[in-house]
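Working notes, beginning with the structure itself.
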Amino acid sequence: ILVGLSFSTGEGLAWYVPVGHSDGKQLPTEYVMDQLRPLFQNTDILKSGHNLNFDLSVLMNYGIKVEGLHCDTMLSAHLLGKKGIGLKNLAFDVLRQEMTPISELIGTGKGKTTMDCLPIERVLDYACADADFTGRLAKIFVDELKNRELWGIFSMVEMPLISILVSMQLSGITLDKDILQTMDRELTQKIGNLETEIYLGVGHTFKINSPQQLSTVLFQELGLPKTKRTKTGYSTDANSLEFLRGHHPIIESILGYRQLAKLKSTYVDALPGLVHESTGRIHTRYNQAGSATGRISSNDPNLQNIPVRTEIGREVRKAFVSRGIGGQPWYFVSADYSQIELRVLAHLSKDTGLVAAFQKQEDIHSSTASMMFDIPLDEVGYDERRIAKILNFGVIYGLSAFGISQQTEFGPDEGRKFIDTYFSKYPRIQEYIDSTKDSARNLGYVETMLGRRRYIPEVNGSNAIIRNAGERMAINMPIQGTAADIVKLAMLRVHRAIEKQKLRSKMLLQVHDELIFEVPKDELEAMSRLLLEEMPRALDTHNPLIVPLEVDIKTGLNWGDMRLNIFSNG
């Protein structure tokens, strides 16, 4: 329920318009919206706000599409590297003004009330302060963004993206509850079978979800190798169990149990309750300020974390189905960038071997294996390609010799040899890594191709563990951050193209390097060609990569069962 709206047009000057309080003199909501609609939709009147995604979502529910967006103080604070990006934190840190906590108005615990139950007079100052301080912060942040040469990415990428994300959130996606009910029964049985296996392996029952009881079973009763020490015993977290894999059959059962139980509680049990009553669809929320690399995150629910490589994860995705409108079937169309981070690495490192492989459109992992093992490309086998793939992606995330040994059958010494061989074949990658770490130490930050920065004070830390972690962040951020920027640019290009061609297709989801659309059958060809035209050109108006960006197009009636699109090849 909309309780009121607050505005500020200058420092110390603000108004509050009450519309939804349970008591007091106020104006009807529809009347207020009719009066404000011309102001909100006027592109010449610039608007700023804090977390505009929320404000725009509320106004869209009243048929108002806000134009003339100027500055979101939450997004600008995030881009500037501020630690606390909540309005109250920023007001105190930047303006030295202490704002009234919401708890002082609505209380806490059992005595907590809602804003609409408060007298208008009590809400007035609180709401006006929100608008006033947001306006003051916007003025400061705009200048700071320009001074740090961040205004371009902020005004041309982050701000236009807000409206697109709001539209995606409001569109939502249809969930087939019957599919999840069937999955629930199957998962319950599988989890029960794994419980039985675990109890038989130990010889008695215990609480599998209790870290303390599990620690006692693994390290005292079964005498397995000790993991890191915790307050309640030895660690039984995911990394610790991976370390113990192979030492006892029970470990596989526990890992399987945890995976299934988490999927069941996080998705199979929870998703049906998140279907909106009036739309019949699930409406995730996107957060532009949830990642230091610039990636968009998803929550309530998080649809980006549904496993894609496991059979159960794919089954969960099958529960997300396309809708039919007006008797015509609609389809999902997925557009997924192929190996985008490795292509960015090729561009940033300028390594001739890596660049040549992408320019020849070779399978990059087979190409790497061919170079490393000195065998012809057509003789690369599964194992060689697998090792090359681990190394290709490991470089981006600072994989160590020990890390390779954890993912392969090789020991740390052999892992080190593989790393040495890799860098001997791709010497410019090693140069890129070294120069990036040096730059991070000198400047205190690294940046993407579009200028997005991440401040990393850890690279100059005295603690070796913290310093090494900072170096890994420094290596990864320009690559992953540039990939995230490319996806955002693609979203903007595709959105504009859909509007220009007056298509009914809708952008529904953004999942890592993939965009998912809901498309009527008669627009499948037009939409597929649009994506193949626009997405590889995402960087055209900025600084194109020296290797081509490639996009895989898939189509299906549900998210988990999609096939390569027949239009992909031309």
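The values are calculated or read from the model by the stated rules, or taken from the named source; none is laboratory data. All values reported here derive from a predicted model rather than from experimental measurement. All Cβ positions, even for glycine, are placed from backbone atoms using ideal geometry, and neighbour counts span all protein chains on display. Surface accessibility is based on the protein's heavy atoms, side chains included, excluding ligands, DNA and RNA. Shrake-Rupley method; radii C 1.70, N 1.55, O 1.52, S 1.80 Å.
Scanning segment 100-136 for residues that are part of a loop (DSSP other than H, G, I, E, B) and open to solvent by less than 20 Å² (accessible area, probe 1.4 Å) returns a single hit, Leu118. The lone criterion from (1) open to solvent by 50 Å² or more (accessible area, probe 1.4 Å); (2) in contact (Cβ under 8 Å) with a residue 12 or more places away in the chain left unmet by Gln510 is number (1). Taken over segment 358-372, the criterion of being in a helix (DSSP H, G or I) and either β-branched (Val, Ile, Thr) or more than 21 Å from Asp513 (Cα to Cα) (or both) is satisfied by Ile364, Ser366, Ser367, Thr368, Ala369, Ser370, Met371, Met372. Checking each residue of segment 25-32 against the condition of being touching a His at 6+ places or on another chain (Cβ under 6 Å), assigned to a loop (DSSP other than H, G, I, E, B), without any contact (Cβ under 8 Å) to a residue 40 or more places away in the chain and open to solvent by 80 Å² or more (accessible area, probe 1.4 Å) gives no match. In segment 59-82, the qualifying residues are those that are farther than 22 Å from Ala129 by Cα and in a helix (DSSP H, G or I), and the one that is most open to solvent (accessible area, probe 1.4 Å) is Met60. Of the residues making up segment 137-149, none is small (Gly, Ala, Ser), within 32 Å of the chain's Cα centre (by Cα), open to solvent by 30 Å² or more (accessible area, probe 1.4 Å) and at pLDDT 95 or above. Just give me the residues in segment 1-16 being assigned to a strand (DSSP E or B) and within 26 Å of Leu165 (Cβ to Cβ), in sequence order. Gly4, Leu5, Ser6, Phe7, Ser8 - these are the residues of segment 1-16 that are assigned to a strand (DSSP E or B) and within 26 Å of Leu165 (Cβ to Cβ).
Residues that are crowded, with 17+ Cβ neighbours inside 10 Å and outside any strand (DSSP E or B) were ranked within segment 330-340; the one that is nearest to the chain's Cα centre (by Cα) is Ile340. A single entry from Leu187, Leu170 fulfils the requirement of being under 30 Å from Glu311 (Cα atoms) and surrounded by 19 or more Cβ atoms within 10 Å (Cβ to Cβ): Leu187. Yes or no: segment 38-58 includes at least one residue that is closer than 23 Å to Val166 by Cα, at pLDDT below 95 and either part of a strand (DSSP E or B) or of a type in the set (Gly, Ala, Ser) (or both). Checked against the condition, which is being closer than 23 Å to Val166 by Cα, at pLDDT below 95 and either part of a strand (DSSP E or B) or of a type in the set (Gly, Ala, Ser) (or both), segment 38-58 yields no hits at all.
Checked across segment 542-562, the condition of being assigned to a helix (DSSP H, G or I) and open to solvent by 30 Å² or more (accessible area, probe 1.4 Å) holds for no residue.
If you check Glu499, Glu523, Glu533, Glu518 for being out of contact with any Asp or Glu (no Cβ under 8 Å at 6 or more places or on another chain), assigned to a helix (DSSP H, G or I), open to solvent by less than 20 Å² (accessible area, probe 1.4 Å) and of a type in the set (Asp, Glu), only one passes: Glu523. Do you know which of the residues in segment 288-329 that are assigned to a strand (DSSP E or B) and without any contact (Cβ under 8 Å) to a residue 40 or more places away in the chain is farthest from Leu75 (Cα to Cα)? For segment 288-329, the residue satisfying everything is Gly324. For segment 354-372, filtering for residues that are buried (at least 18 other Cβ atoms within 10 Å of the Cβ), more than 20 Å from Pro478 (Cβ to Cβ) and not polar (S, T, N, Q) leaves 5.
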